[in-house]
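A short worksheet on the structure shown next.
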Amino acid sequence: MPATRVLPTDEAAELLRLVRQIVREQLAPRAAEAEETASFPREVFTLLGEADLLGLPYPEAQGGGGQPYEVYLQVLEEIGSAWSSVGVGTSVHALSCFALANYGTPEQQERWLPEMLGGSLLGAYCLSEAHAGSDPAAMRTKAVRDGDDYVLTGAKAWVTHGGEADFYTVMARTSDPSSSGPKGGGISCFLVPADAEGLSADAAERKMGLMGSTTATMRFDGVRVPAERRIGEEGQGLRIALAALDSGRLGIAAVATGLAQGALDAALAYAREREAFGKRIIDHQGLGFVLADAEAAVQTARAMTLHAARLKDAGLPFSREASIAKLVATDNAMKVTTDAVQVLGGYGYTRDFPVERYMREAKVMQIFEGTNQIQRMIIARSLDKGADAGSDAEIRAYGD
Amino acid sequence: MNIVVCVKYVPDATADRQFESDNTVDRVGVDGLLSELDEYAVEQALQLREKREGEDIEITALCVGPEKAVDAIRKALQMGADKGVHVVDDAIAGSDSVATSLVLAKAREKIGAEKKVDLVMTGMASTDASMSVIPAMLAERLELPQVTFASVVESQGEVFRVRRDGDTATEIVEGRLPMVLSVTDQTGEARYPSFKGIMAAKKKPLETWALSDIGVEADQVGLSASWTAVEGTEARPPRTQGEIVTDEDGSGATALVDFLASKKFI
C-alpha cells in the first residue's frame, strides 16, 4: 500500500508520480532476478539518470533537480520500497557528488558537476579502509604532492559501485596525523576518474544481501591525480566527509523506510489471503498486532526521516536528527522485515518469496553509513553539547 | 521540418471502462491517459528530431477530446514535443472516425496555415475503439500520401522509408513529404518523461480551439453526424473455472490430450 504523501509543491507531486511509475514498471519487475544473480543493474541507473532522478537534491544551476531533501528522500523511499540496491546506489551517487557541489570551486563545478548530476556518470565514495570504518581519521591511504599532481597510494574498503562507477570521491591523507594538530586533520578530498592509471577494483565482496549493489575494495597504486581535482582545501577532507555523511544518513534512513514498507506490503498481502483455523491470518489478533506494530514502525521511521530533512531544508542543524532517523529507520526496517518473514511462515523462509531477501538487506543498513552504535554516540555527544549551549530550540515557520 | 503528432486520450486500460447511455465510451467519468499506441508516434517523432540533429524540427501534439484530454497533450509535451493543440467542443462528443478525422484534418490545416506541416504522425490504432482507420481518412482529407503501420522508420531529406510487417510478407515502403505516417508498437519503447521535461512542459505553448476556430460546423460532427454508431455493448462474460483433470486410474494423460484436441491446440 503506497504511503500517503503530502508534498510541498505541485512539481514535487508530479515528480513522485513519475517515480512511482518508473518504480512499478521498471524496477520492481527486475529486482528479484538481479539480486538472485548478483547482477549490477547499470541500465537502471542509466534510466534513472535520463529521468533526472540522480541529481535531485542539488541546485538546478549546477545541473541538479533543485529539490529539497524532504522531496528527494521520498523519492529514495519509493525506489527503496521496490529495490534496496538501487535506492542505496542512488543515495551513494548523491553522496559522491556532495563534496564537489558544496566545496568545489566554481571552475571545478562547471567542469565536472553537470555530467555527474545529469546522470550520465555514476559515482562512488571512498572513505572507509579495512582497518578504519567507524574511525575514518585512522585512515592510511596517502596522497603525496608531486609537482602539479598528487600521488594516491592505499586501499579503500566497502566501496559501493566499486569497479562500476565512473568517478570516485576519495579521502586520503595529505599529511601525517601526528603533525597536523587536531584529530582528523591532514585528510584531503579528491575527485578521481575511474580510468585513472593505477586505480583498480578487487573482486566484489560476497555479501549477505544487496547483491545487486556491487561492493569492492578499490586499490590506489600510485594513482596520479592532478591538483585541480582536489576538492576543498588541503586538510579539509574529513570535515567534508563527515558533512557528506550527515546527508548520506538521511538517504539510508529513507531507503530503509522504503524497504520496511515493501516488507510490510508483502506481509499484509499474504496475511489477507492466507487462512488458518477458518479465517484469514490477519484476523487472528497475534498476527494482526504484528502487522499493526510494523505499520507503526514504518510510519515512525518516515516521520523522523522527514523531520530531519525539513530541518536540513530550513538550514538548521540536523546532524543529531539525521542520526536518530538513521538509527530508528534501520532498526525498524530490521524488525519489520524479520516480522514479515514470520508472517509468511515457512514460505517466508524460502527464496520464492521476497521477504527473506528484505530481511538480509535490512541488516546491512544497521551497519553502513555509520553503525547504529556510532549513531548513538553522535546523539549522546550532541545531547551533551546541546545542554552546554543552553539556548532555546528554534521555532520557525516554513519559508522563513 | 514541422511535424504534427495526433494523440488520443483514452480510458486507462487497466481500470474499468464505462459507456454512456448512448453507447459511446465514457471519457469523462473515468481515469484516462495518452493512448499507449500514440506514445510510439510521439517517441518516433522525438527520435526523428534527435537523429536529424541540426535541423529545425518542431513537433506539435494535436488532440481532439474533452477537457480532461489535455492530459494526453501534456504527456507528449513532457516527453519532448514542443507545443500542443487541443480541439475541445461539446459538439464533438460521440463522433465516429469519419467525423473525428474531419476535426483532425481541419485542425491540421489551421496549424499548417501558420507554418507548413511536413509530416502528420499517428499511432497504429487507438487502444479504446481500435478502428485503425484515422491515418487513412486523414490522408484522404488532406490529399496526402499515407504510409501506415511502420515498424521501422528511416528518413533522408524528404524521403521516408519504412518497414511494414504483414502476416505473409514484409514490405519496404518509401514515401516523400508531405505525408501521413502511422507507426506500430514495434518501433521501440516510448521514453519516460524526465523530471526536467515535466517542468519544462508547463511553459510550452498549448492552444485550445473550438470547432468555430477551425471552420467546422457543429452539425458536421458528433453522434448525429456520424456514419456509424454503436448499437449496444455487453460486458465480457466472467472467466469460467478451468477444468481439473485428476489422474486416478492412469487415464489422466488421455484426458489431457482429449481436452487439448477439443480446443484445437493439438
ask   = What chymotrypsin sites (Phe, Trp or Tyr not before Pro) in segment A:271-340 are in a loop by DSSP, with at most 15 other Cβ atoms within 10 Å of the Cβ?
value = A:PHE277
query = In peptide B:141-151, what is the residue-averaged number of other protein chain Cβ atoms found within 10 Å of each Cβ?
reply = 0
Principal-axis tilt of helix B:70-79 within chain B, Cα atoms, nearest 10 degrees = 80
request  = Using a 10 Å cut-off on Cβ to Cβ distances, tally the other chain neighbours for every residue of B:185-197 and report the average as a whole number.
outcome  = 4
remark   = Here the whole-number average of other chain Cβ atoms within 10 Å per Cβ of A:46-55 is 3
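Once you mark the trypsin sites (Lys or Arg not before Pro) that are in a DSSP loop and have at most 14 other Cβ atoms within 10 Å, what is the longest gap between them in chain A?
With a cap of 14 other Cβ atoms within 10 Å, the longest stretch comes to A:207-350.
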note = Taking N as the number of residues in the protein assembly as shown, the ratio of its alpha carbon radius of gyration to 2.2 N^0.38 Å works out to 1.14
inquiry  = Taking 8 Å as the Cα distance limit and 6 or more residues as the minimum spacing, I'd like the relative contact order of chain A as a percentage.
reply    = 15
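Rounded to the nearest 0.05, what FRET efficiency do B:VAL28 and B:ALA200 give with R0 = 25 Å and r taken as the Cβ-Cβ distance? Could you check?
Numbers: r = 29 Å, r/R0 = 1.14.
Approximately 0.30, to the nearest 0.05.
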task = Mind telling me which of B:GLY112, B:GLY32, B:GLY65 comes out most flexible in a GNM of chain B, alpha-carbon contacts under 10 Å?
result = B:GLY112
inquiry  = Given the DSSP H assignment, sum -39500 (n - 2.57) over each helix run of at least 4 residues in chain A and divide by its residue total; what's the result at 222 nm in deg cm²/dmol, nearest 500?
reply    = -17000 deg cm²/dmol
key: Selection of GluC sites (Glu not before Pro), segment B:66-147, meeting DSSP coil and at most 11 other Cβ within 10 Å   = B:GLU143
request  = Holding the Cα-Cα limit at 28 Å, pick out from B:LYS110/B:LYS196; B:LYS51/B:LYS204; A:LYS207/A:LYS385; A:LYS312/B:LYS68 the pairs that are longer than that.
outcome  = B:LYS110/B:LYS196; A:LYS207/A:LYS385; A:LYS312/B:LYS68
key: Potential extension, A:GLU233-A:THR300 segment - 0.36 nm per residue separation minus Cα distance   = 20.2 nm
ask   = So which GluC sites (Glu not before Pro) in segment A:310-397 are both in a DSSP loop and have at most 13 other Cβ atoms within 10 Å of their Cβ?
value = A:GLU394
request  = Can you tell me the order of A:295-301, B:35-41 when each peptide is scored by its average per-residue count of other Cβ atoms within 10 angstrom, highest first?
outcome  = B:35-41, A:295-301
query = If you rank A:ASP149, A:ASP246 by fewest surrounding Cβ atoms within 10 Å, what's the result?
reply = A:ASP149, A:ASP246
Measure of compaction for segment B:94-240 (Cα Rg per 2.2 N^0.38 Å) = 1.24
request  = Quick one: which residues, 5+ away or cross-chain, put their amide H under 5 Å from the amide H of A:VAL159? H built at 1.01 Å from N.
outcome  = A:ALA216, A:THR217, A:MET218
inquiry  = Take B:THR233 and A:SER382, extend 7 Å from each Cα along the Cα→Cβ direction, and tell me the distance between the two endpoints in nm.
reply    = 5.6
remark   = Looking only at aspartates and glutamates whose Cα falls under 13 Å of A:LYS363's and that sit 8 or more positions away or on another chain, we get A:ASP331
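Read-outs throughout are calculated quantities, based only on the coordinates presented, and are distinct from any laboratory measurement. These numbers were taken from a predicted model, which means no experiment stands behind them. Cβ: placed from backbone, ideal geometry, glycine included. Neighbour counts: every protein chain shown.
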